[in-house]
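Asks: One structure, as structure tokens, below. Some questions next.
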Amino acid sequence: MEIEGCPLPEDRRYDLEHDVWWAEDPSNGSARVGLLGTLAAFAGRFHTVTFRPIEGTVGRGRSVATVESVRFTGAVRLPVDAEIVERNDAIVARPRLLNDAPYGDGWVVRVRPTRTEDLGRWLESASAVAGRIAERIRTQRIRCWPVSPDVELVEVGLECSAVLTKLTEEIARRPAGDAVLLVSDDPTSPIEMVRWADRSGHALLVHRREGPLHQFLVRKEAHPRPRLRGAGPSGAVPE
């Protein structure tokens, strides 16, 4: 399921009070717990994950980790009483997994519930929480992206040629894999951005429109492969 561009997998259950999801592993009775993708999108790129040094059973609502971004600091709390089985060390080494793969490699802990009857009491299906998630997205103006932007370029009032020059300069100074979110009000930008991507060889991942503003998510490729002739060595598109 997807709501306003934000994924909400139907193969798990949710605790909106604590902004976490619960994915069961029937083979061993454990479950992975992670943060909602909408929270990750609202928080922005995470830069720090700190696990609490606790073992054994942790009560519902108790913190197992703290996550930090530029504009958000919060706790990851368990939705039910459970025993901690495993911590995901990958998110400590690379916190942005919480943003880029919140329902995959960005899981936080693996646990085993103390009482299985608590699951039906505190956890809900994707269809049951979809309406409330949609309301959050609208009221908090949440925007989900397939990868978390490393930088935003808001270029309003400029012609597309000037916008593309700034984008090319930004892409040139960034390492491969970084994503740039470009916002422009130029009405020709959708056509010109496709042209820029074809000539530069960098990936245009998403184009969205909100009123007069166009939003483009671009990823710098390690080995760009231009699809049209005319690109400069750094991806510049001559006019």
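A short reminder: the numbers here are calculations on the coordinates, not readings from a lab. Here the structure is a predicted model, which is why all the values come from computation and not from measurement. When we count neighbours, we look across all protein chains shown, and the Cβ atoms used for this are built from the backbone with ideal geometry, even at glycine.
Asks: If you look at just the Cα atoms of the stretch 19-100, how large are its Rg and its Dmax in Å?
Replies: Answer for the stretch 19-100, Rg first and Dmax second: 12.5, 39 Å.
Asks: Could you pull out every residue, at least 5 positions away or on a different chain, whose amide H is within less than 5 Å of the one on Arg52? Hs are placed 1.01 Å off N in the peptide plane, and Pro or chain starts have none.
Replies: So Arg52 has HN proximity to Ala65, Thr66.
Asks: Volume per residue, Å³, of the convex hull around the alpha-carbon atoms of the stretch 2-139?
Replies: Once divided by residue count, the hull of the stretch 2-139 is 100 Å³.
Asks: Work out, step by step, the length gained on full extension between Arg227 and Ala75: first 0.36 nm times the residue separation, then minus their alpha carbon distance; give nm to one decimal.
Replies: Additional length available on full extension: 50.2 nm.
Asks: Another one. Could you tell me which residue out of Thr116, Val67, Met1 lies farthest along the dipole of the chain toward its positive end? Charges go on the beta carbon: Lys and Arg +1, Asp and Glu -1, centred on the Cα centre.
Replies: Towards the positive end, the residue furthest out is Val67.
Asks: May I pose another question? Counting only other residues whose beta carbon sits under 9 Å from that of Val64, what net charge do I get with K and R as +1, D and E as -1?
Replies: +4
Asks: Normalised radius of gyration for the chain, please: alpha carbon Rg relative to 2.2 N^0.38 Å, two decimal places.
Replies: For the chain, the normalised Cα radius of gyration comes out at 1.17.
Asks: Further question: Taking the Cα-to-Cβ direction at Thr57 and at Asp25 and moving 7 Å from each Cα, how far apart do the two end points lie in nm?
Replies: For the pair Thr57/Asp25, the computed spacing is 2.2 nm.
Asks: Please identify, among Pro26, Pro113, Pro95, the residue showing maximal mean-square fluctuation in a Gaussian network model of the chain using a 10 angstrom Cα cutoff.
Replies: Fluctuation is largest for Pro26.
Asks: Provide His207, His214 in ascending order of the number of other Cβ atoms located within 10 Å of each residue's Cβ, fewest first.
Replies: Ascending number of Cβ neighbours within 10 Å: His207, His214.
Asks: How large is ³J(HN,Hα) for each residue in the stretch 165-172, as worked out from phi by the Karplus curve 6.51 cos²θ - 1.76 cosθ + 1.60 (θ = phi - 60°), to whole Hz, x for Gly and Pro?
Replies: Once rounded to whole Hz, the list reads 4, 5, 4, 4, 5, 5, 4, 5.
Asks: Follow-up. Quick one: which residues, 5 or more positions from Val20 or on another chain, have an amide H under 5 Å from its amide H? H modelled 1.01 Å from N in the peptide plane, none for Pro or chain starts.
Replies: Counting only residues 5 or more places away or on other chains, the set is Asp15, Leu36.
Asks: Let me ask another. Among Gly34, Thr48, Leu78, whose Cα projects farthest towards the positive end of the dipole of the stretch 2-139, with charges put on the beta-carbon of Lys, Arg (+1) and Asp, Glu (-1)?
Replies: Result: Thr48, furthest along the dipole toward the positive end.
Asks: Rounded to the nearest 500, what is the 222 nm mean residue ellipticity of the chain from helices alone, with -39500 (n - 2.57) per DSSP H run of 4+ residues and division by all residues?
Replies: -7000 deg cm²/dmol
Asks: Which percent of Cα pairs goes in each bin when the distances of the stretch 60-132 are cut into 10 angstrom slices starting at zero?
Replies: 17, 43, 36, 5
Asks: Any idea what the relative contact order of the stretch 2-139 is, in percent, if you count C-alpha pairs under 8 Å spaced at least 6 apart?
Replies: About 29 percent, as a whole number.
Asks: Between Arg138 and His47, what FRET efficiency follows from the Cβ-Cβ distance if R0 is 30 Å, with the result rounded to 0.05?
Replies: 0.65
Asks: For the stretch 46-128, give the magnitude of the charge dipole about the Cα centre (Cβ charges: +1 Lys/Arg, -1 Asp/Glu; no others), in debye to the nearest 20.
Replies: About 180 debye.
Asks: Using the Karplus curve 6.51 cos²θ - 1.76 cosθ + 1.60 with θ = phi - 60°, work out ³J(HN,Hα) for each residue of the stretch 52-57 in order, rounded to whole Hz, and write x for Gly and Pro.
Replies: Per residue, the Karplus-derived 3J(HN,Hα) values read 6, x, 10, 10, x, 7 Hz.
Asks: Bin width 10 Å, alpha-carbon pairs only: give the P(r) of the stretch 151-219 as whole percents, running from 0 to the bin holding the largest distance.
Replies: Bin by bin from 0 Å, the calculated values are 21, 63, 15, 0.
Asks: Now for a separate question. Give the list, by residue number, of cysteines in the chain with no other Cys Cβ closer than 4.7 Å, or say none.
Replies: Taking the Cβ cut-off of 4.7 Å, the unpaired cysteines of the chain are Cys160.
Asks: How high is the relative contact order of the chain? Use alpha-carbon pairs under 8 Å, at least six apart in sequence, and give a whole percent.
Replies: 16 percent
Asks: What list of ³J(HN,Hα) values in whole Hz, one per residue of the stretch 12-18 in order, does the Karplus curve 6.51 cos²θ - 1.76 cosθ + 1.60 (θ = phi - 60°) give from phi, with Gly and Pro shown as x?
Replies: My calculation for the stretch 12-18 gives 8, 10, 9, 10, 6, 4, 10 Hz in order.
Asks: Around Arg87, which amide H atoms from residues at least 5 apart in sequence, or from another chain, sit under 5 Å from its own amide H, with H modelled in the peptide plane?
Replies: Correct list: Arg110.
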